Every structure is written in structure tokens, then in C-alpha cells.
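Working notes for the structure below.
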Amino acid sequence: NYSTSYMELWIDDLVRHAVNEICSVNSLQDIYIEKFASIDDMIVKSLQQTHVTWAPGISVITARTTKPKIPRSIEKNYEAIEEQRTELLIREQEQKNILKTAETRGRKEINAAEKEASIMKMTTAQNIAEKEAEAEIS
């Protein structure tokens, strides 16, 4: 029905439309960093929704996009932000490790104190029993 022009009508134009919709509701930060990994899925979903209604014989399996080209100065800024974010994640993980170590050390100290208290309690009970036994004997 569409001969060789179906590709332009049902794929190329729709991909451009989907990309324009995605870009119009997202910031450069979203597109370039935060949501880039899911853009392919957004495009496929948009194409599939259109094809179900208007071109049921066409099925989209996957779509692949490349990172958008941005000015070098902005790219350097994003790289610096990513480095800072990575350093922050590393510091947060180190803090979590320190807290876990402290918690583990605290638990060990509590367990040792409880064990020592239990031993003292048993020793005291044994001493009392011995003294009572001596008192009964004499």
C-alpha cells in the first residue's frame, strides 16, 4: 500500500517526532546524563503505540541512539559534574563502610560485655552456693 515510502512515513518521520517530543519535555541534563539510557526504550514505546493504531503490520524491535553532540565547554562541565558525583558516591560508600565497621565493633563489644557479665553472674552464683554450702556444714 505504501510501496517503498513506508520506511520514511512509518519509521523515519515517527522517530524524528518521538525524539522531538522527548527533547521538548526534558532538559539537556536529562537527555545527556540522567535519562540517556532509557531514551531508546522511550522511542520504541512511542513507535509501537503509533503502529498499533495506524500501521499494525509494522513491529519495532529496538532502537539505538547516540549521545547528543553538545559544545565542548558544556561537555567539560558535565564531565566535571560526573567526576564530582563519582567522588561523592565513593565518599558515601566509604562512610557506609565506616559506619558498618563501627556497628560491627559495637556489637562485638556488647557481645563481649554480655559474655563477661554472664560469666561474672555464674561465678557470683557459684561463690554464693559455695558459701551457703560451707554455712550449712558448719
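Output the number of residues of segment 20-54 satisfying the condition of being of a type outside the set (Ser, Thr, Tyr), within 25 Å of residue 73 (Cβ to Cβ) and open to solvent by less than 50 Å² (accessible area, probe 1.4 Å).
Counting residues in segment 20-54 that are of a type outside the set (Ser, Thr, Tyr), within 25 Å of residue 73 (Cβ to Cβ) and open to solvent by less than 50 Å² (accessible area, probe 1.4 Å) gives 8.
Filter segment 55-64 down to residues that are within 14 Å of residue 12 (Cα to Cα) and not small (Gly, Ala, Ser) and give me whichever is most open to solvent (accessible area, probe 1.4 Å).
My answer is 64.
Rundown of residues vs (1) of a type in the set (S, T, N, Q); (2) surrounded by 10 or more Cβ atoms within 10 Å (Cβ to Cβ), yes/no style:
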| site | (1), (2) |
| --- | --- |
| 66 | yes, no |
| 86 | yes, yes |
| 102 | no, yes |
| 113 | no, yes |
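Considering only segment 116-125, I want to know if a residue exists there that is open to solvent by 70 Å² or more (accessible area, probe 1.4 Å), in a helix (DSSP H, G or I) and within 20 Å of residue 30 (Cα to Cα).
no
Pick from 61, 74: which is at negative phi and without any contact (Cβ under 8 Å) to a residue 24 or more places away in the chain?
It is 61.
The values are calculated or read from the model by the stated rules, or taken from the named source; none is laboratory data. What you see is a predicted model; the values in this text were computed from it and never measured. A quick note on method: Cβ atoms are made from the backbone with ideal geometry, for glycine too, and the neighbour counts reach across all protein chains shown. Just so you know, the surface numbers come from the protein's heavy atoms only, side chains and all, with ligands and any DNA or RNA stripped out. Shrake-Rupley method; radii C 1.70, N 1.55, O 1.52, S 1.80 Å.
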